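Novice: Take this structure first; my questions come after.
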Amino acid sequence: MEEQIEEITLKLLTLDDYKELKEVMINSYQSMPDSYWKEAQIKKLLEVFPDGQVVILVNGNIAGCALSIVIDSHKLSEQHTYKQITGNYTFKTHTDEGDTLYGIDVFVKPDFRGLRLGRRLYEFRKQLCERLNLKGIYFGGRIPNYHEYSDTLTPAQYIEKVKSREIHDSVLNFHLSNDFIPVKVLRGYLEDDTASKEYAVLLKWHNIYYEKDVVKANYIKKIVRLGLVQWQMRPYNDLDSLMQQVEYFVDALSAYKSDFALFPEFFNAPLMAQYNHLSEPEAIRKLAEYTEQIVQRFSALSVSYNINIITGSMPEVLDNKVYNVGYLCHRGGNTERFEKLHVTPDEKKCWGMTGGNELKTFDTDCGKIGVLICYDVEFPELPRLMAEDGMNILFVPFLTDTQNGYSRVRYCAQARAIENECYVAIAGSVGNLPNVHNMDIQYAASMVFTPCDFSFPTNGIKSEATPNTEMILIADVDIDLINELHNYGAVKNLKDRRKDLFELKLKRKK
């Protein structure tokens, strides 16, 4: 796909979308061009269950869709057809009193396949299932490669070989990788589905938050999965080699369904090796020439792997001044910039760097976050201002050469978690770069810190990496626990401040 992705969003389907939706359906069902939903059918579906119909937009245009109804699982015949479950395409089988979501259809326009848009549509269904307090999700999944094996394998044997990775079936593999479990083989499920020999697999996803006989849930528990990259400094021949290693980590964190990937400060420093013949200020400016391209590639990865990426930091030249900056690449396609406000004496002396001027928080699909680069976390005023703005997670990409420097960052970061009743994630680099001036050695032990109260680890450490070892660190943090702490904690650091004695405010540079 040549179109540049600027924004990916989800929205509920409306009848006004039908003309565009029809074109997407015809494009998506090229092997069955007459199988698209008619306008009257979509209208009926929107009448009976508007909250269950969603489209995904890429740059404002429909790229895919997911349709569903709610059924009573007790009335669901294990051996049913597509016609039966949809009430002969009238959707009379939908009931507001049902206990299970049934997936009617999901499709993605061919031009946008490979961006994992289908996964986002399924995540919407799972969240809808949790919000409505339904038992789970059912649907009949096609097995389009079965016709190639039908002479030698039964459908059950085929499914087992797909599960064991002996046979690749893109549709079934996709559903298995999204936590769906095969329940039963359905015969004669979809008429004229010759590729599947009219067989389908009844697949189920179980909602672990389902509560029997309670008022339907009206919120989703906010569990956020953090992925930290403890980056090994090593020589790279070019930018492509460096970004290949970046994608390796992004892929790994995405496979574990992380919501964020955090890279360290100056992770791209190995690219300076080719400029070792220049002075240090000249070399850092040459490194800055890569920044725009790196950010574009990070943004593409965040969209493709459905993960928010904090790029660590890189040098950037503006008005002939060198700044230490980073970018938050949202998985929806947009990017936001942050700056290091306090540069270290070494950054000033060796590279001639200038401190930034803007402090801000960022709204994400996992709540409000903040980012401070290394030295900035040693100034408690900055995270406090962010906490007052509603920040729940603070990310700190850092680069330290000695244990002394690391300890300053580590203990200050942990203090910020306690003071501001938030989570703090720090990620640094390890190893050495003997061929890069001012970047000889690195020391790091990446960590996720929590406040210290009964709902959190006693020592305030949620998870920690092995020191000086290349690895990823993954930790789940519960935003609801932070909200409870603000109001019901043993101590309330934010609420108990003596504002009658002191105040803190940000002076914005003009």
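The values are calculated or read from the model by the stated rules, or taken from the named source; none is laboratory data. Keep in mind the model is a prediction, meaning the values are calculated, not measured. Backbone-built Cβ (ideal geometry, glycine too); neighbour counts: all protein chains shown.
Novice: Filter segment 365-382 down to residues that are closer than 17 Å to ALA425 by Cα and out of contact with any strand residue (DSSP E or B) (no Cβ under 6 Å at 6 or more places or on another chain) and give me whichever is surrounded by the most Cβ atoms within 10 Å (Cβ to Cβ).
Specialist: Step one: of segment 365-382, the residues closer than 17 Å to ALA425 by Cα are 366-380, 382.
Adding the requirement that they be out of contact with any strand residue (DSSP E or B) (no Cβ under 6 Å at 6 or more places or on another chain) leaves 367-368, 375-376, 378-380, 382.
Details: GLY367: 17, LYS368: 17, TYR375: 26, ASP376: 24, GLU378: 17, PHE379: 14, PRO380: 14, LEU382: 19.
Here the answer is TYR375.
Rundown of residues vs (1) in contact with a strand residue (DSSP E or B) (Cβ under 7 Å, 6 or more places away or on another chain); (2) surrounded by fewer than 18 Cβ atoms within 10 Å (Cβ to Cβ); (3) small (Gly, Ala, Ser), yes/no style:
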residue: VAL430; (1), (2), (3): yes, no, no
residue: ALA445; (1), (2), (3): yes, no, yes
residue: PHE456; (1), (2), (3): no, no, no
residue: THR466; (1), (2), (3): no, yes, no
residue: VAL477; (1), (2), (3): yes, no, no
residue: GLU484; (1), (2), (3): no, yes, no
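Novice: Please work out if GLN296 is modelled with pLDDT of 95 or more, surrounded by fewer than 23 Cβ atoms within 10 Å (Cβ to Cβ) and closer than 26 Å to ALA63 by Cα. Explain how you work it out, then say what you get.
Specialist: Working: modelled with pLDDT of 95 or more: yes; surrounded by fewer than 23 Cβ atoms within 10 Å (Cβ to Cβ): yes; closer than 26 Å to ALA63 by Cα: yes.
It is true that GLN296 is modelled with pLDDT of 95 or more, surrounded by fewer than 23 Cβ atoms within 10 Å (Cβ to Cβ) and closer than 26 Å to ALA63 by Cα.
Novice: Out of the residues in segment 329-356 that are in contact (Cβ under 8 Å) with a residue 24 or more places away in the chain and either part of a helix (DSSP H, G or I) or touching a Pro at 6+ places or on another chain (Cβ under 9 Å) (or both), which is surrounded by the fewest Cβ atoms within 10 Å (Cβ to Cβ)?
Specialist: ASP346
Novice: I would also like to ask the following. Just to be sure before I move on: is LYS492 of a type outside the set (Gly, Ala, Ser), exposed (fewer than 13 other Cβ atoms within 10 Å of the Cβ) and either part of a loop (DSSP other than H, G, I, E, B) or modelled with pLDDT of 90 or more (or both) in the structure I sent? Break it down into steps so the answer makes sense when it comes.
Specialist: Working: of a type outside the set (Gly, Ala, Ser): yes; exposed (fewer than 13 other Cβ atoms within 10 Å of the Cβ): no; either part of a loop (DSSP other than H, G, I, E, B) or modelled with pLDDT of 90 or more (or both): yes.
Considered against the rule, which asks whether it is of a type outside the set (Gly, Ala, Ser), exposed (fewer than 13 other Cβ atoms within 10 Å of the Cβ) and either part of a loop (DSSP other than H, G, I, E, B) or modelled with pLDDT of 90 or more (or both), LYS492 comes out as no.
Novice: Now for a different question. Run down LEU134, LEU121, LEU101, LEU153 and say which single residue is in the same structural domain as LEU21 (by TED's automatic domain parsing) and part of a strand (DSSP E or B). Working first, answer last.
Specialist: Values: LEU134 fails: part of a strand (DSSP E or B); LEU121 fails: part of a strand (DSSP E or B); LEU153 fails: part of a strand (DSSP E or B).
Only one candidate passes the filter, namely LEU101.
Novice: Same structure, new question: Scan (1) touching a Pro at 6+ places or on another chain (Cβ under 8 Å); (2) closer than 22 Å to LEU101 by Cβ; (3) not in a strand (DSSP E or B) for the single condition ILE208 breaks and write down its number.
Specialist: (1)
Novice: Within segment 244-259, which residues are surrounded by 24 or more Cβ atoms within 10 Å (Cβ to Cβ) and either without any contact (Cβ under 8 Å) to a residue 12 or more places away in the chain or not in a helix (DSSP H, G or I) (or both)?
Specialist: Across segment 244-259, the qualifying residue is only SER258.
Novice: If I ask for residues that are surrounded by 21 or more Cβ atoms within 10 Å (Cβ to Cβ) and part of a helix (DSSP H, G or I), which ones from segment 137-147 would you list?
Specialist: If the condition is that a residue be surrounded by 21 or more Cβ atoms within 10 Å (Cβ to Cβ) and part of a helix (DSSP H, G or I), then TYR146 is the only one that fits.
Novice: Of everything in segment 300-324, what is polar (S, T, N, Q) and either buried (at least 23 other Cβ atoms within 10 Å of the Cβ) or touching an Asp or Glu at 6+ places or on another chain (Cβ under 8 Å) (or both)? Give them in sequence order. Lay out the reasoning, then the answer.
Specialist: Restricting attention to segment 300-324, the residues satisfying the condition of being polar (S, T, N, Q) are 302, 304, 306, 308, 311, 313, 320, 324.
Answer for segment 300-324, where residues must be polar (S, T, N, Q) and either buried (at least 23 other Cβ atoms within 10 Å of the Cβ) or touching an Asp or Glu at 6+ places or on another chain (Cβ under 8 Å) (or both): SER302, ASN308, THR311, SER313, ASN324.
Novice: Report yes if ASP96 is outside any helix (DSSP H, G or I), surrounded by fewer than 21 Cβ atoms within 10 Å (Cβ to Cβ) and in contact (Cβ under 8 Å) with a residue 24 or more places away in the chain, otherwise no.
Specialist: Numbers: outside any helix (DSSP H, G or I): yes; surrounded by fewer than 21 Cβ atoms within 10 Å (Cβ to Cβ): yes; in contact (Cβ under 8 Å) with a residue 24 or more places away in the chain: yes.
For ASP96, the condition - outside any helix (DSSP H, G or I), surrounded by fewer than 21 Cβ atoms within 10 Å (Cβ to Cβ) and in contact (Cβ under 8 Å) with a residue 24 or more places away in the chain - is met.
Novice: A follow-up question, please. On the basis of being assigned to a helix (DSSP H, G or I) and either free of Cβ contacts under 8 Å to residues at least 12 places away in the same chain or among the basic types (Lys, Arg) (or both), does ARG285 make the cut? Write out each step before concluding.
Specialist: Values: assigned to a helix (DSSP H, G or I): yes; either free of Cβ contacts under 8 Å to residues at least 12 places away in the same chain or among the basic types (Lys, Arg) (or both): yes.
Here the answer is yes, as ARG285 does meet what is asked.
Novice: I need a count of the residues in segment 104-116 that are surrounded by 20 or more Cβ atoms within 10 Å (Cβ to Cβ) and part of a helix (DSSP H, G or I).
Specialist: Selection size over segment 104-116: 1.
Novice: Scan segment 148-177 for residues that are in contact with a helix residue (DSSP H, G or I) (Cβ under 6 Å, 6 or more places away or on another chain) and either surrounded by fewer than 17 Cβ atoms within 10 Å (Cβ to Cβ) or closer than 20 Å to GLN30 by Cα (or both) and jot them down.
Specialist: First, pick out the residues of segment 148-177 that are in contact with a helix residue (DSSP H, G or I) (Cβ under 6 Å, 6 or more places away or on another chain): 149, 158, 162, 167, 169, 172.
Once the filter is applied, which keeps residues that are in contact with a helix residue (DSSP H, G or I) (Cβ under 6 Å, 6 or more places away or on another chain) and either surrounded by fewer than 17 Cβ atoms within 10 Å (Cβ to Cβ) or closer than 20 Å to GLN30 by Cα (or both), segment 148-177 yields ASP169, LEU172.
Novice: On to the next question. Just one of the numbered conditions (1) over 27 Å from SER302 (Cα atoms); (2) not in a loop (DSSP other than H, G, I, E, B) is not true of GLN79; which one?
Specialist: (2)
Novice: I would also like to ask the following. Within segment 309-328, track down each residue that is among the β-branched types (Val, Ile, Thr) and assigned to a strand (DSSP E or B). First the steps, then the outcome.
Specialist: Filtering segment 309-328 down to residues among the β-branched types (Val, Ile, Thr) leaves 309-311, 317, 322, 325.
Result: ILE309, ILE310, VAL317, VAL322, VAL325.
Novice: Provide a single number: the residues in segment 461-489 that are over 30 Å from VAL246 (Cα atoms) and not in a helix (DSSP H, G or I).
Specialist: Initially, segment 461-489 is screened for residues over 30 Å from VAL246 (Cα atoms), giving 480-489.
Retained after the next criterion (residues that are not in a helix (DSSP H, G or I)): 489.
Summing the residues that are over 30 Å from VAL246 (Cα atoms) and not in a helix (DSSP H, G or I) in segment 461-489 gives 1.
Novice: Take segment 464-510 and flag every residue that is among the acidic types (Asp, Glu) and not assigned by TED's automatic domain parsing to the domain that holds VAL448.
Specialist: First pass over segment 464-510, keeping only residues among the acidic types (Asp, Glu): 464, 470, 476, 478, 480, 484, 496, 500, 503.
Of everything in segment 464-510, those that are among the acidic types (Asp, Glu) and not assigned by TED's automatic domain parsing to the domain that holds VAL448 turn out to be ASP496, ASP500, GLU503.
Novice: Can I ask one more? What do you reckon, is GLU39 surrounded by fewer than 16 Cβ atoms within 10 Å (Cβ to Cβ) and at pLDDT 85 or above? Break it down stepwise before answering.
Specialist: On the way: surrounded by fewer than 16 Cβ atoms within 10 Å (Cβ to Cβ): yes; at pLDDT 85 or above: yes.
Here the answer is yes, as GLU39 does meet what is asked.
Novice: Would you mention how many residues in segment 407-460 are outside any loop (DSSP other than H, G, I, E, B), closer than 20 Å to ASP480 by Cβ and out of contact with any helix residue (DSSP H, G or I) (no Cβ under 6 Å at 6 or more places or on another chain)?
Specialist: Qualifying residue count for the region: 5.
Novice: How many of the residues making up segment 260-282 are free of Cβ contacts under 8 Å to residues at least 60 places away in the same chain and either in the same structural domain as PHE112 (by TED's automatic domain parsing) or over 14 Å from VAL246 (Cβ atoms) (or both)?
Specialist: The first filter runs over segment 260-282 and keeps only residues free of Cβ contacts under 8 Å to residues at least 60 places away in the same chain, leaving 261, 268, 271, 274-275, 277-279, 282.
Remaining after also requiring either in the same structural domain as PHE112 (by TED's automatic domain parsing) or over 14 Å from VAL246 (Cβ atoms) (or both): 274-275, 277-279, 282.
Result for segment 260-282: 6.
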